Every structure is written in structure tokens, then in C-alpha cells.
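These notes are about the structure you will find just below.
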């Protein structure tokens with residue numbers, strides 16, 4: 001532990017011990033090194049991947065503090081240094097910040113400048129083992145100790161906590177999806193999935209000048225959010241082999257936020273000549289997607305994927321929210337709140353009721 005680190009009060013972390021097991025509350029102390037930043041967590045939203053882990057659909061280490069959509073206030077900074085955020089703005093104790101889901105370890109070079117999230121030995125908040133000397137590394141805890149090389153952003157306290165928390169995963173990932181898609185202006189767009197990723201995608205495509213945006217889901221309740229975020233039409237997805245065509249028109253760009261093979265297949269089959277499918281949601285084991293190679297070739301189609309996001313995506317997501325959190329009702333998408341002591345109930349509610357987002361307040 002760095003000798004100049006002050007003595008912080010012990011904090012509480014909620015530890016996930018495996019599917020079907022109750023969460024465990026652990027108290028521990030903070031052990032930052034001289035380059036770390038200590039944040040007092042204020043709010044965490046439960047991402048879809050957190051729910052998949054809870055339900056056993058994807059595997060994370062047992063003994064992990066889940067939560068990576070986090071916002072908090074700076075509690076301690078390295079002494080004697082001027083610390084700046086990703087924008088180059090100087091930060092101080094008390095500033096509100098959110099931070100990237102990942103940190104590239106010092107000395108590790110990214111495989112490509114635009115893919116830091118695919119670096120070797122990557123550290124990911126809310127995904128790492130919780131150890132007594134590294135307990136505060138996720139959102140479901142009183143504190144989070146930011147690792148060196150973590151991209152973080154100072155944000156206005158006027159942005160509601162429940163909106164600010166979602167910048168660092170959902171909105172940043174969608175911003176990356178739009179980057180991968182290219183120019184949106186004047187295009188017809190289909191978005192499969194009306195969770196937070198899909199709803200955010202609809203709003204971002206609308207702000208990017210899309211000609212028409214359609215939203216598709218098998219949950220009619222979730223589709224009701226579509227018009228509030230700029231969707232022109234909503235469609236209920238029904239599995240079929242496209243022998244009679246789809247209810248929606250073909251599109252220049254199709255975003256899949258579901259990860260389900262049937263939806264991804266339908267998305268490719270919904271592409272207009274020269275169109276591109278962008279796959280974002282396939283982050284858990286599923287059956288292969290049957291793709292008609294001749295269709296891809298003859299219609300000059302493209303398929304692109306993106307996992308997580310890069311630094312520019314993170315910054316652009318923050319800018320998007322800063323410019324639009326009053327225009328679109330993102331705050332209402334957090335449909336239920338729980339306290340840190342109610343994490344078991346929060347996950348059960350999220351898994352059973354399937355709201356767009358569940359929030360956890362941290363006092």
C-alpha cells in the first residue's frame with residue numbers, strides 16, 4: 001500500500017459466489033497504489049451480461065463483485081499530481097466520474113490502436129476475482145479503486161445518476177456500433193432488440209440523421225419505448241424461415257443487440273442490396289447462425305461485429321448523453337431501484353421481470 005494513502009473507513013462489497021448461491025456481503029479495506037484513484041460508488045445499473053452471469057448463461061469467476069455500469073465521486077487522488085480525465089480536463093476530489101469497463105495494464109501494447117479493449121492481460125471492472133487486497137473492483141460495492149490506464153470522464157452532477165451509470169457500457173458500446181456501421185445519414189435502419197442497447201441505438205441513429213428507423217423485439221411491452229426514442233415503426237419478431245417475407249422492409253443497416261441466432265439470421269435476410277449487419281449482442285454461448293453465402297455474395301452484403309468499445313466510443317457516448325439526456329427519457333429506462341443491501345432481490349427481479357434496467361443505489 002502506498003504510504004501517502006489516507007486511512008479510509010472499511011467498505012462493503014457484495015460478492016457473487018456462483019449461480020444459484022446467495023450473494024455474500026464482505027467488509028474490507030482499500031489498498032490503492034500510488035497511481036490509483038479511489039471513487040465512492042454512487043450508482044450501478046445491472047447490465048444484461050450481469051444478468052446472464054447470475055443466471056448461469058455465461059461464466060465469470062466465482063467470488064466476483066459484479067457491476068460495470070458505474071458512476072461515483074472521486075474520494076482520493078495521487079498526491080502532488082495534476083490528474084486529468086480522457087478529455088484532458090483536470091479533476092479534483094469530489095468530482096463525479098464514470099470510467100471504462102476495462103484497463104490496459106501498464107507496459108501492454110494494444111493489438112491495434114482502435115482495439116484497446118482486446119489487449120492481452122486486460123483488466124475488466126465487475127469481472128475480476130474479488131480478493132481481500134483487491135476487493136473494490138466492481139460496481140456493487142461502496143468503493144471502486146481505478147487501476148492505472150483506466151479511461152475516466154468527469155461528468156456533470158446534473159445528469160441523473162441512473163443515466164450517467166449506463167454511459168460506461170450500454171451507450172459506449174452502441175456508439176462503437178455506429179462507428180463500425182459508418183455513415184448513418186439518409187439510411188434505413190433496423191434494430192433488433194429493444195433493451196437498453198437497442199433503444200440507445202434507435203436514439204443515436206435518429207440523431208445521426210437516419211432516414212427511417214425500425215425497432216424489432218418479441219416483447220411488445222418493451223417496444224412501447226420505441227416512439228419515445230425516435231423509432232418510426234415497431235415490429236414484433238416471430239421466428240420463421242422468411243418464406244413469406246418479413247413484416248418490416250429491408251434496410252441499409254441492421255443492428256443486432258439480441259445475440260439470438262434466429263434474430264441474427266433474420267437481420268441478414270433483411271438487408272437491402274449492399275447493406276451491412278452489425279452484430280453486438282452475441283456475447284454468450286448460442287447455436288451457430290446459418291448464413292446463406294450466396295446471398296451475401298450476390299447482394300454484396302457485409303457483416304461486422306464489435307465487442308465492448310474503444311476510448312473514442314466512450315468519450316462520444318458521454319457527449320451523446322450530455323447533449324440528449326433531457327431530450328430522450330433515458331432515466332425512465334431504469335424501471336426499478338434497489339439498495340446495495342437488496343442485491344439478491346435486484347437480480348431476481350431483473351431476471352424474472354426483465355425490465356430494461358434495474359438500478360442499485362449506493363449511499
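Using 0.36 nm per residue and subtracting the Cα-Cα separation, the extra length available between residue 7 and residue 185 on full extension is 58.8 nm.
Each principal axis of the Cα cloud of the stretch 174-305 was taken in turn, and the coordinate range along them, longest first, works out to 37, 30, 30 Å. Placing a label point 7 Å from the Cα of residue 83 along the Cα-to-Cβ line, the residues of the stretch 100-120 whose backbone N sits under 14 Å from it are 100. Relative to the 2.2 N^0.38 Å rule of thumb, the chain has a C-alpha radius of gyration ratio of 1.00. Helix 311-324 versus the longest principal axis of the chain: what is the Cα-based angle in degrees, 0 to 90, to the nearest 10? Roughly 80 degrees, rounded to the nearest 10.
Segment residue 319..residue 337, full-extension length gain: 3.9 nm, with 0.36 nm per residue of separation and the alpha-carbon distance subtracted. Relative protection proxy for 65-71, 274-280, 348-354, from highest mean packing down: 65-71, 274-280, 348-354 (other beta-carbon atoms within 10 angstrom).
Where both bridge residues fall in the chain, DSSP classifies roughly 55% of the beta bridges as antiparallel. In degrees from 0 to 90, rounded to the nearest 10, what is the angle of the helix 196-207 Cα long axis to the longest principal axis of the chain? Computed tilt is about 70 degrees. Once the Cα atoms are used to define both axes, helix 343-353 deviates from the longest principal axis of the chain by about 10 degrees.
Among 286-298, 321-333, 203-215, the peptide with the highest mean count of other Cβ atoms within 10 Å heads the list, and the full ranking is 203-215, 321-333, 286-298. Relative to one another, the C-alpha centroids of the stretch 30-77 and the stretch 321-363 are positioned 15 Å apart.
A simple spin-label model places pseudo-atoms 7 Å from Cα toward Cβ; at residue 286 and residue 312 they are separated by 2.8 nm.
Volume per residue of the convex hull around the Cα atoms, evaluated for the stretch 255-297, comes out as 63 Å³.
Extension gain for residue 115 to residue 55 (0.36 nm times residue separation, less C-alpha to C-alpha distance): 18.7 nm.
May I ask you to derive the relative contact order of the chain, considering only C-alpha pairs under 8 Å and at least 6 residues apart, and to give it as an integer percent? Mind showing how you got there, number by number?
Details: 826 pairs, mean separation 63.4, N = 363.
Reported as a whole number, the value is 17 percent.
Rg then Dmax, both in Å and based on the Cα atoms of the stretch 65-148: 13.5, 35.
Calculated mean residue ellipticity, 222 nm, the chain: -6000 deg cm²/dmol, from DSSP H runs (n ≥ 4) at -39500 (n - 2.57) each, averaged per residue and rounded to 500.
Taking the Cβ-Cβ separation of residue 294 and residue 211 as r and a Förster radius of 25 Å, what is the calculated FRET efficiency to the nearest 0.05? Working shown, then result.
Values: r = 28 Å, r/R0 = 1.14.
That gives a FRET efficiency of 0.30.
Radius of gyration (Cα atoms) of the stretch 133-188, expressed as a multiple of 2.2 N^0.38 Å: 1.53. The radius of gyration of the Cα set in the stretch 93-194, together with its Dmax, comes out at 16.1, 53 angstrom. With Cα atoms defining each centre, the stretch 275-290 and the stretch 191-263 are spaced 15 Å apart in the structure.
Every read-out reported here was derived from the displayed coordinates using simple, explicitly stated rules and does not represent laboratory data. Fair warning: this is a prediction, and the values are worked out from it, not measured in the lab. FYI the Cβ positions are ideal-geometry reconstructions off the backbone, even for glycines, and counts take in every protein chain you see.
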